[in-house]
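The values are calculated or read from the model by the stated rules, or taken from the named source; none is laboratory data. Remember, predicted model here, so these are calculated numbers, not experimental data. Cβ coordinates were reconstructed from backbone atoms using ideal geometry, including for glycine residues, and neighbour counts include every protein chain displayed. Accessible surface is based on the protein model in full, side chains and every heavy atom, while ligands, DNA and RNA are left aside. Shrake-Rupley method; radii C 1.70, N 1.55, O 1.52, S 1.80 Å.
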Amino acid sequence: MSPFSSFRQVSGTNSAKPTAKEEFVSWRKLFSLAKPESNLLSLALLAQMVSVGTTMIFPMAVGKIVDIIQLPNSVDQLKWMASALAGLFVVGAVAVTVRVALMTTIGERIARDLRKQVFQSLMKQELAFFDGRQSGELVNRLSNDTSVVSKTLTENLARGIRSSVTTTGGIGFLIYLSPTLTVAALSFIPFLTIVGGIYGSYVRSLSRKLQDALASATQVASERISAIRTVRLFAGESIEVGRYTQRIEDAFQLAKKVAIAEGFYMGGGFFMGQASLLAVLWFGGHQVLQGALTVGQLASFAMYAVNVGFGVSSLANGYGQLTRAQGAGARIFAILDRKPCPLTGIEGLELGSSYSVSSHTPTLENDRPSLIFDQVHFYYPSRPQHSVFKGLSFQVEPGELLAITGISGCGKSTILSLLSRLYIPQQGHIYLNGYDINSLDISWLRRQIGAVPQDVVLFDGSIVENIAYGAGEEVSMDEIVRAATIAGADYFIRQLPYGYETQVGERGLSLSGGQRQRIALARAIVRKPKILILDEATSALDVESEASISEAVDLLRRKENMCTIVIAHRLSTLRDSNHVIVLNKGVVAESGKFEELIAKPKSFLSKLMLISEGHGLEAADDEKLEEPSRAK
Ligand SMILES: Nc1ncnc2c1ncn2[C@@H]1O[C@H](COP(=O)(O)OP(=O)(O)OP(=O)(O)O)[C@@H](O)[C@H]1O
Ligand SMILES: [Mg+2]
């Protein structure tokens, strides 16, 4: 049994769907996120307590003033009370300033740190993790979930503490002022608690559905906007508007239900609050008439009762927000706690460094790299029923130019993914200079490979930034120009209005397909790779440009002793290779020198060339090339 078989299982069973555990996180774990900020947070909470204290004293002071002004010769007392109150307001104002400034800063710091950690964790995950997830959903975790969590750990926490203190303290004052009246004032609380509980669970389940509906509408919008060219070309605007409208309408229907429920709850709460205030004034009024209570005490009482009412409703509200944050926290922890697959993910990720050196990094400097695929069996983890390779074996000699061809979907691009260890084969081995690539440091391994993928994606930024991206570290302008020249890009770049500083637009879409390919080739070359893989890298170029680039790349290959793999359909691209392999049904169907294979009319290569020259499968005679086997 291979020493890596246990790892292979990890990648093979890697679930991409969120589990039940992802739905909820404990309060403890949620609040552990605020731990690094505990000192500042304590200071902010202290300021909060001071400001709450000042508001708590206020109704009592008002009551006292009301009673004082009814006494004769009370001007001095009134002055004293007014100055004391003014002092109290100043203290309160300072406390509020400190609390708001601190809380907001702490909230932003928590959000910043969380976003950094979540993004870092995302960057470490293996490709299979992303296969089953929507990018919109992951971006949502980065932006919305982190902000919900940071708000809960700061503002909502502060509000919760304030509400608890105003509620319990307020009830204390109520009892101190008049125990009997307190019963009348608080008679609404049990009712509100029951109704609040029912309302809370109803709205929570609706909110979750609403969140999902909104996320799905956003996903449609962002995908269609980024693919606006395709929508336009197929005149799909009205279909897309219809699709988006449907999703947003679904979300609206849910939001309407939430709004109605909220309306009833707020209206009911408002009525209960007013009714209990009326009860206070009614019974309290009688007590004042009987001399059991002063007018000032009744005024204080009424104000505390209002405070308690607000406190209770704010607590109920805060509880709802806490539940939301528990959901958001769970989604964040699902990423933070996720250990990337040991063989295909990144284990250590140092900020700013292009790769980590954690395990085996052999020296290839004096070696001429060779490559061996040995009995490789592979299926994509997200599609286990479809075997792409069923015992694929081939070899690339040091410094050799190998061409790989085969019909669409036969697994050519998958070879690049396996070699870069984006995925690992379920069986078999891949060796680089005799080392099983699974034993090598993953980032080091990828540093050895310069690849031009089939679907070239450039990043929004300048051409020079996009080429330098390949180097993964500081690189001189001379090296960039040299790489661009070999890739046949220097000439057209210089003709652009801003030359190397020209912005390429989102995903490089402001350049032509062929220009993008040439920049991608320069990006691969500037890396000074030991192995260069070109996956249909010149498919968008005319034959003449292709020939001159091939020649330049070939010179580089000989000079640097680079192993080069060219994946192509075109006769012109295949012709220059030392060796051609034809993939079919998950194995190498044919292998040899180009001239020898093409000379045999019955060879796979000859048939493929007939197909690619437009004669169709029929022309390829009796022994047809087939799509690789499905669902075995
Ligand atoms: N991420 C993926 N998840 C699941 N299946 C995939 C994935 N990528 C490719 N496949 C499947 O694996 C098979 C091989 O794909 P691959 O991209 O290697 O083909 P290819 O030979 O490069 O084709 P083409 O000539 O069209 O580029 C195809 O059947 C494809 O549908
Ligand atoms: Mg491909």
So what does K257 come to for accessible area, using a 1.4 Å probe and Å² rounded to 10?
110
So, R0 is 45 Å and r is the distance between the beta-carbons of V258 and L422; what FRET efficiency does that work out to, to 0.05?
0.60
Given a cut-off of 31 Å, name the pairs among K116/K530; K124/K528; K116/K412; K559/K593 whose C-alpha atoms lie farther apart than that in the structure shown.
K116/K530; K116/K412
Net charge of Cβ neighbours under 14 Å - reference L85; Lys, Arg +1; Asp, Glu -1:
+2
Quick one: compute the contact order of region 541-616, relative version, from alpha carbon pairs under 8 angstrom and 6+ residues apart, as a percent.
19
Expected output is a single nm value to one decimal: the length gained when fully extending between F234 and V183, i.e. 0.36 nm times separation in residues minus the C-alpha distance. What is it?
11.3 nm
Taking the 0 to 90 degree range and rounding to the nearest ten, how far is the long axis of helix 38-69 tilted relative to the main principal axis of the chain, both from C-alpha atoms?
20
Quick one: compute the contact order of the chain, relative version, from alpha carbon pairs under 8 angstrom and 6+ residues apart, as a percent.
15
Once both labels are modelled 7 Å past Cα along the beta-carbon direction, what's the D460-M123 spacing in nm?
1.9
What lysines sit close enough to K64 to cross-link, taking a C-alpha to C-alpha distance under 17 Å and skipping anything fewer than 8 places away on the same chain?
K79
Take the alpha-carbon centre of region 150-220, take the same for region 452-475, and report the distance between them in whole Å.
51
Considering only protein heavy atoms, what per residue accessible area in square angstrom results for the chain with a 1.4 angstrom probe?
51
State, as an integer percentage, the relative contact order of region 165-280 based on alpha-carbon contacts under 8 Å between residues 6 or more apart.
43
Could you please report the charge total around E155, scoring K, R as +1 and D, E as -1 over all other residues with beta-carbon less than 15 angstrom from its beta-carbon?
+4
Rounded to a whole %, the carbon-and-sulfur portion of the accessible area of the chain at a 1.4 Å probe is 60
Within the chain, what is the longest stretch that has no GluC sites (Glu not before Pro) placed in a DSSP loop and near at most 12 other beta-carbon atoms within 10 Å?
1-349
Return one number: the angle in degrees, 0 to 90 and rounded to the nearest 10, between the long axis of the Cα atoms of helix 543-560 and the longest principal axis of the Cα atoms of the chain.
90
Calculate for the chain the 222 nm mean residue ellipticity that helices alone would give, adding -39,500 (n - 2.57) per DSSP H run of length 4 or more and normalising by residue count, nearest 500 deg cm²/dmol.
-19500 deg cm²/dmol
Low-density loop positions, trypsin sites (Lys or Arg not before Pro), region 445-527 - DSSP coil, at most 11 other Cβ in 10 Å
none
Partner aspartates and glutamates whose C-alpha sits under 13 Å from that of K29, ignoring same-chain residues fewer than 8 away, are D337
